[in-house]
Amino acid sequence: MPTSVIMPALELAQETGKVLRWLKSPGDRVGKGEPIVEIETDKVTVEIEAPAAGVLRDVVAGPGDVVPVGRTIALIYGAGEAGAAAPVPDDVAGRRPGAAAAAVEAPSIKASPLARKLAEQHGVDLTQLRTASGRIEKADVLAHVESRKAPAANGAPARIAAASPKARRLAAERGVALSAIRGTGPGGAVLAADVPVEAPRAAEAAPTVPGVSTVWRIMAERMTASWTTAPHFYLVREVHVARLVTWRERANSRAGARLTYTDLLVRLVAAALAQDPRVNVSWRDGRIVPNTEINVGLAVAIEDGLVVPVLHRADTLSLTEIAERREDLVSRAQAGRLRPADIQGGGFTISNLGMHGIDAFSAIVNPPQAAILAVGRIADRVVAVNGQPAVQPTMVLTLSCDHRALDGARGARFLGGLADLVEEPLTLLA
Amino acid sequence: MAERELTYGEAVKEAIAEEMRRDPRVFLIGEDVAEAGHPFKTLLGLVQEFGTERVIDTPISEPGYAGIGVGAAMTGMRPIVDVMFGDFITLTMDQMVNQAAKAHYMSGGKIKVPIVFRTTLGATRRSAAQHSQSLHAWVSHIPGLKVALPSGPYEAKGLMKTAVRDDSPVVIFEDKMMYRVKGPVPAEDYTIPFGIAEVKRPGRDITLVATSSMVAVALGAATMLDEIGISAEVVDPRTTWPLDKPGLIDSVKKTSRCIVVDEGYERYGVTAEIASVIAEGAFYHLDAPVKRIGAMDVPVPFSPVLEDLTVPSEKAVFEAAKALCGKKD
């Protein structure tokens, strides 16, 4: 049975993915693990690897097609399988990818739902079918598939993999190809327990950054969407960081520690979010949805733009763990080797431009998150202490909020709580 | 104080007596319901307390007295019509289906038919093919009728009292093999709402939806399954109409597997309806096909050996559950 190439789910809430371009053409021989198609979601672009070795056939989604997650977009025929060795018939080779999908949507074709489904699975262009009644049914599609495979000796039509409904749902949710699973149910049917918990193919697919333009374009689209739909407001607070600076110097003078201010801020922000969960929310479909975990994203500049890897459950991490993960994420971000899981699930973002000498700035909220913290540099500034001017290290924190998910008072309370933690960090950091 | 126990039959009688004391419009009519106290002896003593005006013996004419009951209900009484064997509802069908079930709707709500048809189901009493069927699917099919299937003494009293107080026609099927079964029954007044399934036993791996006589069978199978590490949840819908669809679906969403067990004929039966409700409602949570186990599709044989084979057994439910859960021997 040929192996399905499916549209993977790279993110929890992802419902569709877009085919950017095929790296292989129908009829090409592909090796297992070889990149065959580029898929784009609203967050990432990834290359999808061939789930099996064989001949790529029956490509039903062309560049630009948006396909539901879990849907088969092509088949790979293994050695010895019907269609593997056979010459590619003209109607397949000549058919442009996407032609079948487009035809399915054409309203003028009278075809039964089962016929449409089969046509989609087999990459049959329904417009090419002529029947006496003018209606296309299952038998017509199967007959066409048979005739197409005539050159092959025993061209059995591709059968739908046996699997329980629950297993199908879980496989789709986890982005696993059913055909890649060895089922333990009756007749080899795939059962729920057979579906791996992790999505191996989606996760293993090396997410390369194919071009400067893609990352940049995604950044541009997302920022435009945020700026034009999320009503922003900004809260600014100058905080005294003498204790923070002293603490970090001491910690780093001890062996091994290489803590950055960003690490410290991740820890403090996570604590502040735990104190004030109303800021750890997402704006989705007109509702304020609380985030179940405290996941702090870091805006990281890379050669071609901006990515936001996430420190998941940052409230449970020690400072050492935060530093290790941050180093790993930043280095992989810069190498273009972030995995989809690395950028998923962020609930709040920190953007720190202090190292570039910026005093203060206003960031754009990273949707669907409710707020983003813009961090300026630490500098000695003149402040009033007991009625006298004094010189102390301070830092300016600017909180950008989406007014649909937060109001001024909620934002101010959070920033106030965070400022207190930054100014008196010892209980948290010790 | 130990919980008071009654037999299933005593629970039925107590419910009827309490309702007759509570409401003078309630009366009982049927064959051998008065002096004989019913062939199953479930009504002994009622005629002594309430007299022959309220406990009425009739000639052997089910269509006749069913019609009397429907007419009495239309004109303000609350009759309990006794149909001795469930098999005899073939004779009362016009009164049940075309009169009782329809009058409220066809009169634009002006007429109510608060009637209770009390009858039986269940095989293995050696009563042969015309006295052993479980025909509750027939009336469950009819809009306008409610159908209750008490699975024990507690349910027998509570569902009967709900039925008497309901303004719609209700058909209650009592399992004739369960009349001597004892169980705790509160002495006080209580009712069991229609359309609420009861989880008789919580479980994790498979849901056994069981009705009436089959609840005990399912519980027995669940105990056997426990020993091989399969945790079965037993759910009793208690009424086939109204049917607690969300309750059943929720259970299967939790367990991913389901067997529906009912003593009616398997084909076109109660099991088919419930299985399709579950297949539709819990489809994306199912890890195995929904399995039906009903009575064998044959006229119930008189031979005891053969008769016993036609009824779902603990062993049959156990084996089916084991197979659905993928347990090999």
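Peptide A:160-167 is shielded by partner chain Cβ atoms: per residue, an average of 4 of them sit within 10 Å of its Cβ.
For segment B:177-182, backbone phi angles converted through the Karplus equation (6.51, -1.76, 1.60; θ = phi - 60°) give residue-by-residue couplings of 7, 9, 4, 8, 6, 9 Hz, Gly and Pro being listed as x. Projecting the Cα atoms of B:246, B:216, B:261 onto the charge dipole of segment B:198-323, computed from C-beta unit charges around the Cα centre, puts B:246 farthest toward the positive end. Mind jotting down the distance between the C-alpha centroids of segment B:129-178 and segment A:258-295, whole Å? Result: 57 Å between the Cα centres. Working ranking of peptides A:238-249, A:358-369 by packing, defined as the average number of other Cβ atoms within 10 Å per residue, highest first, is A:358-369, A:238-249. Backbone phi angles across segment A:350-365, fed through the Karplus curve with coefficients 6.51, -1.76 and 1.60 (θ = phi - 60°), yield HN-Hα couplings of 10, 10, 10, 10, x, 5, 9, x, 7, 6, 6, 7, 10, 8, 9, 4 Hz in residue order; Gly and Pro are listed as x. Placing +1 on each Lys and Arg Cβ and -1 on each Asp and Glu Cβ, with no other charges, gives segment B:119-168 a dipole about its Cα centre of roughly 180 debye.
Farthest toward the positive end of the dipole of the protein assembly as shown, out of A:79, A:227, B:89, is the Cα of A:227, where the dipole comes from beta carbon charges about the Cα centre. Rounded to the nearest 20, the size of the Cβ-charge dipole of the protein assembly as shown about its Cα centre is 1340 debye, with Lys and Arg at +1 and Asp and Glu at -1.
Around the Cα centre of segment B:5-184, unit charges on the Cβ atoms of Lys, Arg, Asp and Glu (plus for the first two, minus for the last two) sum to a dipole of about 380 debye.
Packing here is the average count of other Cβ atoms within 10 Å per residue, and on that basis the peptides B:153-159, A:258-264, B:33-39, highest first, run B:153-159, A:258-264, B:33-39. Shielding value for B:282-292 is 5, the average number of Cβ atoms from other chains within 10 Å of each residue's Cβ. Each DSSP beta bridge with both residues in the protein assembly as shown is either parallel or antiparallel, and the antiparallel ones are about 60%. Annotation: peptides B:256-265, B:192-201, ranked by per-residue average of other Cβ atoms within 10 Å with the highest first, follow the order B:256-265, B:192-201.
Averaged over the residues of peptide B:314-326, the number of Cβ atoms from other protein chains lying within 10 Å of each residue's Cβ is 1.
Remark: for residue pairs A:32/B:327; A:166/B:245; B:112/B:146, the C-alpha separation exceeds 25 Å in A:32/B:327. When both bridge partners sit in segment B:5-184, DSSP labels roughly 15% of those beta bridges antiparallel. Ordering A:367, A:260, A:241 by the projection of their Cα atoms onto the charge dipole of segment A:212-429, which places +1 on the Cβ of Lys and Arg and -1 on the Cβ of Asp and Glu, puts A:367 at the extreme positive end.
Every number here is computed from the coordinates shown, using simple stated rules; none is lab data. As the structure is a prediction and not an experimental result, all values here were calculated from the model. Reconstructed Cβ throughout: ideal geometry from the backbone, glycine too, with neighbour counts over all protein chains shown.
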